[in-house]
1. Given the criterion more than 18 Å from Glu42 (Cβ to Cβ), hydroxyl-bearing (Ser, Thr, Tyr) and free of Cβ contacts under 8 Å to residues at least 40 places away in the same chain, identify the matching residue among Thr145, Thr163.
2. Looking at Arg117, Arg104, which is the one that is in contact (Cβ under 8 Å) with a residue 24 or more places away in the chain, in contact with a strand residue (DSSP E or B) (Cβ under 6 Å, 6 or more places away or on another chain) and not hydrophobic (A, V, I, L, M, F, W, C)?
3. Can you pull out the residues in the stretch 86-114 that are under 17 Å from Leu146 (Cα atoms) and either of a type in the set (Asp, Glu) or loosely packed, with under 11 Cβ neighbours inside 10 Å (or both)?
4. Please go through the stretch 144-172 and pick out each residue that is aliphatic (A, V, I, L, M), under 20 Å from Val96 (Cα atoms) and open to solvent by less than 40 Å² (accessible area, probe 1.4 Å).
5. Please specify each residue of the stretch 119-140 satisfying the condition of being open to solvent by less than 30 Å² (accessible area, probe 1.4 Å) and of a type outside the set (S, T, N, Q).
6. Does Cys62 qualify as being farther than 17 Å from Ile161 by Cα, crowded, with 18+ Cβ neighbours inside 10 Å and under 18 Å from the mean Cα position of the chain (by Cα)?
7. Hey, among Pro33, Pro71, Pro56, Pro80, which residue is over 21 Å from Lys150 (Cα atoms), at pLDDT 55 or above and surrounded by fewer than 16 Cβ atoms within 10 Å (Cβ to Cβ)?
8. Can you pull out every residue in the stretch 146-167 that is over 19 Å from the mean Cα position of the chain (by Cα) and closer than 26 Å to Asp81 by Cβ?
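The values are calculated or read from the model by the stated rules, or taken from the named source; none is laboratory data. All values derive from a computational prediction rather than experimental measurement. Cβ: placed from backbone, ideal geometry, glycine included. Neighbour counts: every protein chain shown. In case anyone asks, the SASA skips ligands and DNA or RNA and just uses the protein heavy atoms, side chains included. Shrake-Rupley method; radii C 1.70, N 1.55, O 1.52, S 1.80 Å.
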Amino acid sequence: MRPRPEFRCLAAALAVSAILAVAHARAGDPIRPMTGAGSPSEVLSRLQTAVENRAPQDYADCLADTFRFTPYSGVVAAYPDIRWKQWHNAQEFEFVRWLCSPARKAELHLLDEVLDRGIQSGGVSDWEIVYTLLVDGTAFKGRATLHFVKIRQLWYLESWIDTRQEPWQGMLVATSGAARASFAR
């Protein structure tokens with residue numbers, strides 16, 4: 001008895017899928033599920049928790065592949081040697097790894113002062129927040145516009161734009177771009 005053509009096609013497709021999966025795994029690039037979050041608020045919560053738990057990969061899992069960081073203009077002027085236009089996922093991941101290292105004490109607060117949650121429309125949402133980043137006792141605080149995108153029903157942070165400094169304990173302090181510059185030097 002000969003197999004039906006539909007089953008031969010299905011068997012061939014399964015074989016090709018298995019070969020591709022093995023080849024992908026051998027390339028050293030593990031297959032990871034989509035890992036964003038159910039809402040922009042949950043993305044921010046996961047970013048905070050990742051720093052708190054010293055889990056840089058959890059932080060990176062909430063960034064869109066097209067993530068970009070744009071510093072406050074004063075930081076660009078103070079650190080002209082940093083390639084800010086090239087600050088994408090890889091640089092952000094290395095920065096967060098540095099933040100999460102055992103030698104460092106870091107806290108990130110993203111949900112304490114949400115100024116505008118924006119409208120979720122067409123799979124995008126822009127939020128305006130005031131955040132605080134504490135690194136080894138030094139405070140960095142600023143206002144930022146965060147752009148979120150929805151990809152396959154999950155939300156990711158696509159861009160972080162520092163727009164200005166904010167006071168911390170009565171003093172104007174540097175924004176997170178200065179912390180990133182300290183790491184990048």
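1. Exactly one residue qualifies, and that residue is Thr145.
2. So the residue among Arg117, Arg104 that is in contact (Cβ under 8 Å) with a residue 24 or more places away in the chain, in contact with a strand residue (DSSP E or B) (Cβ under 6 Å, 6 or more places away or on another chain) and not hydrophobic (A, V, I, L, M, F, W, C) is Arg117.
3. Glu92, Asp112, Glu113
4. Ala144, Leu146, Leu157
5. Matches in the stretch 119-140: Gly123, Trp127, Ile129, Val130, Tyr131, Leu133, Val135, Ala139, Phe140.
6. The answer is no for Cys62.
7. Selected residue: Pro80, the only one of Pro33, Pro71, Pro56, Pro80 that is over 21 Å from Lys150 (Cα atoms), at pLDDT 55 or above and surrounded by fewer than 16 Cβ atoms within 10 Å (Cβ to Cβ).
8. The answer is Arg164, Gln165, Glu166.
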